[in-house]
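The values are calculated or read from the model by the stated rules, or taken from the named source; none is laboratory data. Just so it is clear, the model here is predicted, and its values are computed rather than measured. A quick note on method: Cβ atoms are made from the backbone with ideal geometry, for glycine too, and the neighbour counts reach across all protein chains shown. These accessible areas exclude ligands, DNA and RNA; they are computed on the full protein's heavy atoms, side chains included. Shrake-Rupley method; radii C 1.70, N 1.55, O 1.52, S 1.80 Å.
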Amino acid sequence: MMELSLSQRQTTNLAMTTELRQAISLLQFSSMELTAFIQEQALENPLIELKEKSPDVDHEPGNYPKSYQPNVSPLDFATKEKDIREDLWDQARLLELSEIDRLLMQYLIWNIDDNGYLPIPEKEIAEEFGLPESQVVTVLESLQQLEPAGVGTKNLSDYLVFQLRQRLEQDSLAEQMVVQHLNLLAEKKWRQLAEELDANLTEIREAAEIIQQLKPKPLAGIAKTPAEYVRPDISVKKHQGRYKIILHDSYLPSIQVNTNYRSLITQNDQTAKYVKDHYQKAIWLMNSIEQRQATMMKIAEVLVDKQAEFFEKGFTAIQPLTLKEVAEAIGVHESTVSRAKANKVIQTPQGCFELSIFFTSKLSSESGSDTSSTKVKALLKQLIEKEDKNKPISDQKISDYFKTKEGITVSRRTVAKYREELRIPASSKRKQLS
């Protein structure tokens, strides 16, 4: 027989309050994102008053010279750079062009893609303007003589041919390779190229070397947007034999609570409730920022301790380190570390990197110690850079090398994965003719 009964049970649940969600969000913000967020909160909360900090108050433990701190506001980098199309038009206006050719030139320039190519056929342009195709070709040739030379060519093949024809010593074999067999050239199928073009391997090699000296795109290496400057959230620098940590929060505005509203809190009406709610939000924001900064500093201290060899030697000395290990070291949940490392940049003696590069998976080694995947990638890159370019090392041979020479077990498939992540072509595409 089934009996029904009532019972009480006490459970503990964590409610995801608005304040808690805010604290979690703050962990994920970079310093610049946090600055923007604080300014947004000040607009929404009349009790928040912002005061810009002096640029020499970055957090750091111990006595560290202020001269080491990069006191630069991110706003200092807000510059406008002229678009390449504007620059081309400035050059074109100096040419002696008829009114219709000037309009045509303007049309061509503003239809150039971000690589510098103009993929619209001359015939199509001629029909749109109601002009002879020869007139379009003439104006297009004038465009291609502007700087950077070759801008307005149709595609890679067309641009390579343009460059070859600008050379004092023109090479018809190189031009044939570009026009007729660009795919074979990209795949480095030298013998097939020799057969197709009725040439010997020496001639093919010499032509290929000429082509390799050419630019791949008319706008290659030309900035089309203002340069993006990276502002580190954390710096690790060596001073008097010890590594010091600087938390870059000097340009975060200082939050103060407007005391003029204090008298309204005592009133028992909607105004008092409004003031109390916004007062609590302001206090919570201040506490959340303080907690974020403390967490960031603790994580940085663990990195300095665990990754000391990296700061001295670079990626080949980086140690495996998991989120769990760092979380246990500073006494927080693993997800807290995961959020805190997101969108952060750290400046080190080895350069500026995303904070996430220090959190690497582990690979087993014959010595019984663990090796980081980042270290293996660094070793892989070094090995390929030093290989005989006439006989590139296959993924399987790289796997064998790691096991026999480095004592690290890495499968061929993993080698291929790491190689692709490093954007290194397969051995068949790295081969060069001797």
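Take the conditions (1) outside any loop (DSSP other than H, G, I, E, B); (2) closer than 19 Å to I210 by Cβ; (3) modelled with pLDDT of 80 or more; E175 misses just one of them, which is (3).
Applying the selection to the range 322-365, what residues are in a strand (DSSP E or B) and at pLDDT 85 or above? Result: V345, I346, Q347, T348. Screening T153 against (1) assigned to a loop (DSSP other than H, G, I, E, B); (2) open to solvent by 50 Å² or more (accessible area, probe 1.4 Å) leaves a single unmet condition, (2). Selection of first residues in the range 187-201 that are farther than 12 Å from M177 by Cβ and open to solvent by less than 80 Å² (accessible area, probe 1.4 Å) and of second residues that are hydrophobic (A, V, I, L, M, F, W, C) and not in a helix (DSSP H, G or I), restricted to Cβ pairs under 7 Å at least 6 apart or on distinct chains, gives the following pairs, ordered by first then second residue: L201/L433. The residue that is modelled with the lowest pLDDT, among those in the range 7-54 that are among the hydroxyl-bearing types (S, T, Y) and under 23 Å from L247 (Cβ atoms), is S54.
Residue-by-condition table, conditions (1) closer than 30 Å to L156 by Cβ; (2) modelled with pLDDT of 80 or more; (3) surrounded by 19 or more Cβ atoms within 10 Å (Cβ to Cβ); (4) in contact with a Ser or Thr (Cβ under 6 Å, 6 or more places away or on another chain):
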{"site": "A227", "(1), (2), (3), (4)": "yes, no, no, no"}
{"site": "I234", "(1), (2), (3), (4)": "no, yes, yes, no"}
{"site": "Y251", "(1), (2), (3), (4)": "no, no, yes, yes"}
{"site": "S254", "(1), (2), (3), (4)": "no, yes, no, no"}
{"site": "N268", "(1), (2), (3), (4)": "no, no, no, no"}
{"site": "Y274", "(1), (2), (3), (4)": "no, yes, no, no"}
{"site": "K281", "(1), (2), (3), (4)": "no, yes, no, no"}
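Of the listed requirements (1) open to solvent by 40 Å² or more (accessible area, probe 1.4 Å); (2) touching a residue at least 60 places away in the same chain (Cβ under 8 Å); (3) within 25 Å of K238 (Cβ to Cβ); (4) of a type in the set (D, E, K, R), K344 misses just one: (1).
I424 meets all of the listed conditions (1) over 22 Å from E209 (Cα atoms); (2) β-branched (V, I, T); (3) at pLDDT 80 or above but one, namely (1). When the range 398-434 is filtered for residues that are in a helix (DSSP H, G or I), open to solvent by 40 Å² or more (accessible area, probe 1.4 Å), farther than 24 Å from A186 by Cβ and not β-branched (V, I, T), the ones remaining, listed by number, are D400, Y401, K403, K405, E406, R412, R413. The number of residues in the range 97-118 being under 33 Å from the mean Cα position of the chain (by Cα) and free of Cβ contacts under 8 Å to residues at least 60 places away in the same chain comes to 7. Candidates are the residues of the range 377-397 that are open to solvent by 60 Å² or more (accessible area, probe 1.4 Å) and assigned to a loop (DSSP other than H, G, I, E, B); the one that is nearest to F315 (Cα to Cα) is K386.
Right, R93: loosely packed, with under 15 Cβ neighbours inside 10 Å, within 30 Å of R191 (Cα to Cα), of a type in the set (D, E, K, R) and without any contact (Cβ under 8 Å) to a residue 40 or more places away in the chain or not? So R93 fails the test.
Quick grid of which residues meet (1) of a type in the set (A, V, I, L, M, F, W, C); (2) farther than 21 Å from K429 by Cα; (3) in contact with a Leu (Cβ under 6 Å, 6 or more places away or on another chain):
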{"residue": "M177", "(1), (2), (3)": "yes, no, yes"}
{"residue": "L182", "(1), (2), (3)": "yes, no, no"}
{"residue": "L185", "(1), (2), (3)": "yes, no, no"}
{"residue": "L193", "(1), (2), (3)": "yes, no, yes"}
{"residue": "E209", "(1), (2), (3)": "no, no, no"}
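Of all the listed residues (T322, T336), the sole one being surrounded by fewer than 17 Cβ atoms within 10 Å (Cβ to Cβ), β-branched (V, I, T) and within 29 Å of the chain's Cα centre (by Cα) is T322.
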